[in-house]
Amino acid sequence: MKLSGKVALVTGGSCGIGKAVAAGLAGEGARIMIAARNAYEVDQVRDQMCGTGAEVLGLSTDVADASQVEHLVDETIARFGRIDVLVNAAGVQGPIGPLWKADPVQWRKALDINLYGTMLCCRSVVPNMITAGGGKIINFGGGGATGPRSNFSAYAASKAAVVRMTETLAEETRPFNIDVNAIAPGIVNTRMLDAIVQAGAAAAGERERIESLRRDPAGFVAVEVPAGLVVFLASRESDGLTGKLISAPYDDWETWDQNRIRDLSAQPWLTLRRIDRYTLSSITADAAKDNL
């Protein structure tokens, strides 16, 4: 039980990846608070998980509302005494289509949930982690975070910003033994993909890709893969790994030990950088060969 006695707060925990993450953490002994906007779904997932013997609470929360986030954190600490792990899995696609045709209200709403909501949760939890002597924060990057993604400007911009915020917060909390990392989950078959299918031609070809994958689901990343990475990052096995964007399906994180973590920490691997001679000069040919 890698997380026995630990307390984890999971936003977006009522469905999709967030639900799988909550189950994975509970399976390793963590006590869980799940949060999402839909109160009915929160209650359903809480009852299902409690039925397996897990200690789970749930609270309907809009992560883009500062007062609701403060209440969520206060309630979690009041019931469990502390927060050891924060997983920010709440997210939305936002408007799909060319930027100049996007509804500005919906564009901003996507950033409010994906970026501002992640910031609010981190901001509220970090002081408790500092007092406790450490903690783990896991955020979600995603499609468009590391490269342009045509017709998904709101989602891509918000997720790129989440990764940079993750890196920045990791530096700020390094002295306090708080590890902060981001995950790229890969293409997981959740209902977030429904918005892409419904967008039709505005999805710039991604609709056809999703529909094809749904006819042959073997091409999807199993939800247990990002959930497993969250468990690794929440556990002592990943101590010292911070400020990184890790691909759940493509990085070999299952094999990482403390030696590998030290190697990764010494180089700008798995971070957002402009590619230029200055950046590349900090990586020797031998280091590049060993780390690619």
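Observations
- The range 182-235, residues that are among the acidic types (Asp, Glu) and closer than 24 Å to Leu272 by Cβ: Glu206
- Among (1) in contact with a strand residue (DSSP E or B) (Cβ under 7 Å, 6 or more places away or on another chain); (2) small (Gly, Ala, Ser); (3) surrounded by fewer than 24 Cβ atoms within 10 Å (Cβ to Cβ); (4) within 23 Å of Ile178 (Cβ to Cβ) - the single one Ala54 does not satisfy: (4)
- Residue within the range 160-167 that is among the basic types (Lys, Arg), in contact (Cβ under 8 Å) with a residue 24 or more places away in the chain and part of a helix (DSSP H, G or I) present: yes
- Any hit, the range 232-241, residues being buried (at least 16 other Cβ atoms within 10 Å of the Cβ), in contact with a Pro (Cβ under 7 Å, 6 or more places away or on another chain) and under 22 Å from Leu270 (Cα atoms): no
- Pairing each residue of the range 58-85 that is within 21 Å of Gln44 (Cα to Cα) with any residue that is basic (Lys, Arg) and surrounded by 17 or more Cβ atoms within 10 Å (Cβ to Cβ), provided the two are 6+ apart or on different chains, yields C-beta distances under 6 Å for Gly58/Arg46; Asp62/Arg37; Phe80/Arg31.
- The range 251-280, subset in contact with a strand residue (DSSP E or B) (Cβ under 8 Å, 6 or more places away or on another chain) and more than 22 Å from Ala8 (Cβ to Cβ), residue surrounded by the most Cβ atoms within 10 Å (Cβ to Cβ): Leu270
We did not get these values from a lab; they are worked out from the coordinates using the rules stated. Because the structure is a prediction, the values reported are computed rather than measured. No Cβ is skipped: glycine too gets one built from the backbone with ideal geometry, and neighbour counts run over all protein chains shown.
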